[in-house]
1. Ranked from the most accessible area to the least, with a 1.4 Å probe and all protein chains present, what is the order of R70, R52?
2. Give a residue-ordered list of calculated ³J(HN,Hα) values for region 20-36 (Karplus: 6.51 cos²θ - 1.76 cosθ + 1.60, θ = phi - 60°; whole Hz; x for Gly, Pro).
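The values are calculated or read from the model by the stated rules, or taken from the named source; none is laboratory data. Worth saying up front: this structure is predicted, and the values here are computed from it rather than measured. These area figures cover heavy atoms from the full protein model, side chains too; ligands, DNA and RNA do not enter into them. Shrake-Rupley method; radii C 1.70, N 1.55, O 1.52, S 1.80 Å.
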Amino acid sequence: MTSSTPIESPSGIREHTQIIGGAWAAAADGATYEVTSPYDDSVVARVPASSRTDMAHAVAAPPPPSPSGRPLPRRPSSPCS
(Lines give C-alpha, C1' and ligand atoms only; values in the text may rest on other atoms or scores of the structure.)
Protein backbone atom coordinates (compact mmCIF):
# COMPACT_ATOMS: atom_id res chain seq x y z
CA MET A 1 0.00 0.00 0.00
CA THR A 2 1.32 3.46 -0.80
CA SER A 3 1.42 6.38 1.56
CA SER A 4 -1.82 8.07 2.61
CA THR A 5 -0.07 11.40 3.11
CA PRO A 6 -1.89 14.09 1.15
CA ILE A 7 0.01 16.05 -1.47
CA GLU A 8 0.23 19.79 -0.95
CA SER A 9 -0.16 21.78 -4.15
CA PRO A 10 1.87 24.93 -4.84
CA SER A 11 -1.13 26.98 -3.66
CA GLY A 12 -1.01 25.24 -0.25
CA ILE A 13 -4.23 23.27 -0.82
CA ARG A 14 -3.97 19.61 0.22
CA GLU A 15 -4.89 17.05 -2.45
CA HIS A 16 -6.32 13.76 -1.09
CA THR A 17 -7.03 10.38 -2.69
CA GLN A 18 -9.36 7.51 -1.83
CA ILE A 19 -8.46 3.92 -1.04
CA ILE A 20 -9.88 1.21 -3.29
CA GLY A 21 -8.79 -2.39 -2.98
CA GLY A 22 -5.85 -1.49 -0.75
CA ALA A 23 -4.44 1.15 -3.13
CA TRP A 24 -4.72 4.94 -3.07
CA ALA A 25 -6.40 6.35 -6.18
CA ALA A 26 -8.02 9.49 -7.54
CA ALA A 27 -11.66 9.42 -8.62
CA ALA A 28 -12.10 7.50 -11.89
CA ASP A 29 -13.15 10.65 -13.75
CA GLY A 30 -10.73 12.92 -11.88
CA ALA A 31 -13.54 14.95 -10.27
CA THR A 32 -12.94 16.51 -6.86
CA TYR A 33 -14.79 18.41 -4.14
CA GLU A 34 -13.29 21.44 -2.45
CA VAL A 35 -13.28 21.37 1.35
CA THR A 36 -13.59 24.82 2.89
CA SER A 37 -12.67 26.14 6.30
CA PRO A 38 -15.69 27.07 8.45
CA TYR A 39 -13.58 29.88 9.88
CA ASP A 40 -13.00 31.92 6.71
CA ASP A 41 -14.46 29.86 3.81
CA SER A 42 -10.99 29.39 2.29
CA VAL A 43 -10.32 26.17 0.38
CA VAL A 44 -8.13 23.91 2.53
CA ALA A 45 -8.28 20.62 0.61
CA ARG A 46 -9.55 18.80 -2.46
CA VAL A 47 -10.97 15.29 -2.07
CA PRO A 48 -12.12 12.78 -4.71
CA ALA A 49 -15.73 13.11 -5.85
CA SER A 50 -16.34 9.37 -5.94
CA SER A 51 -18.79 8.20 -8.58
CA ARG A 52 -20.74 5.03 -9.26
CA THR A 53 -17.70 3.81 -11.22
CA ASP A 54 -15.48 4.25 -8.14
CA MET A 55 -18.06 2.42 -6.01
CA ALA A 56 -18.18 -0.46 -8.52
CA HIS A 57 -14.36 -0.71 -8.45
CA ALA A 58 -14.37 -0.72 -4.64
CA VAL A 59 -17.04 -3.42 -4.43
CA ALA A 60 -15.28 -5.59 -7.04
CA ALA A 61 -11.82 -5.21 -5.44
CA PRO A 62 -10.64 -8.00 -3.18
CA PRO A 63 -10.39 -7.03 0.48
CA PRO A 64 -6.90 -6.13 1.69
CA PRO A 65 -5.17 -8.79 3.79
CA SER A 66 -5.39 -8.59 7.55
CA PRO A 67 -2.26 -7.45 9.38
CA SER A 68 -1.67 -10.98 10.72
CA GLY A 69 -2.10 -12.60 7.31
CA ARG A 70 -5.09 -14.60 8.56
CA PRO A 71 -8.66 -13.90 7.43
CA LEU A 72 -10.54 -11.48 9.65
CA PRO A 73 -13.44 -13.04 11.56
CA ARG A 74 -16.91 -12.15 10.34
CA ARG A 75 -19.03 -10.04 12.63
CA PRO A 76 -22.40 -11.47 13.52
CA SER A 77 -25.23 -9.51 11.98
CA SER A 78 -27.57 -7.75 14.34
CA PRO A 79 -31.33 -7.80 13.85
CA CYS A 80 -32.99 -4.51 13.05
CA SER A 81 -35.73 -3.44 15.44
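1. These residues rank, largest area first, as R52, R70.
2. My calculation for region 20-36 gives 9, x, x, 10, 7, 8, 6, 4, 4, 9, x, 5, 9, 10, 9, 9, 10 Hz in order.
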